[in-house]
């Protein structure tokens with residue numbers, strides 16, 4: 001049955017890829033992702049809880065998880081709680097940088113998000129929600145950008161498992177030594 005699906009869908013997929021003019025080679029895509037999920041890396045900055053600007057350009061060889069969240073988003077809260085629990089059990093990978101940007105531009109909301117959910121990574125705001133509007137025009141949260149160490153960025157909207165994040169970034173498994 002799987003072979004029949006492949007035979008039927010392969011010509012359609014080939015036509016769609018050639019029509020789009022996409023340049024990302026299939027061999028370099030994260031597991032279970034296709035060309036439409038690959039997006040440009042988020043560039044710019046947000047403001048952390050200390051009022052300092054945080055540059056979102058990932059350092060070479062690191063993975064980055066950027067989460068745009070809303071204080072009223074139950075999925076955002078659920079995924080953040082899951083990530084906090086996972087990091088407590090498995091450690092904090094050295095080569096993965098995590099960011100949560102709380103929408104609405106209110107520093108106290110971001111501070112409440114960090115303390116209320118025991119977040120141990122940088123949390124801040126995007127004044128005017130400009131980054132969110134530019135990179136998440138759908139207007140839905142959570143809106144996440146996962147950049148693997150080779151620089152490929154995948155955008156996820158809505159609920160996704162931590163296992164899927166790990167598969168995309170390829171980071172949790174090989175980086176836990178020497179925390």
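The values are calculated or read from the model by the stated rules, or taken from the named source; none is laboratory data. Predicted, not measured: the structure shown is a model, and the values here were computed from it. Neighbour counts are summed over all protein chains in view; Cβ atoms, including those assigned to glycine, are modelled from backbone coordinates with ideal geometry.
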### Counted residues, region 115-141 - those being in contact with a strand residue (DSSP E or B) (Cβ under 7 Å, 6 or more places away or on another chain) and free of Cβ contacts under 8 Å to residues at least 40 places away in the same chain
4
#### Entry: Residue check, residue 138 at pLDDT below 90 and more than 15 Å from the chain's Cα centre (by Cα)
yes
### Summary
The correct count of residues that are under 19 Å from residue 148 (Cα atoms) and at pLDDT 90 or above in region 55-75 is 5
### Query
Does region 104-112 contain at least one residue that is part of a helix (DSSP H, G or I) and modelled with pLDDT under 90?
no
### Query
So which residues in region 37-80 are surrounded by 14 or more Cβ atoms within 10 Å (Cβ to Cβ) and part of a helix (DSSP H, G or I)?
37, 75, 76, 77, 79, 80
### Query
Would you say residue 86 is part of a loop (DSSP other than H, G, I, E, B) and either under 21 Å from residue 127 (Cα atoms) or in contact (Cβ under 8 Å) with a residue 40 or more places away in the chain (or both)?
no
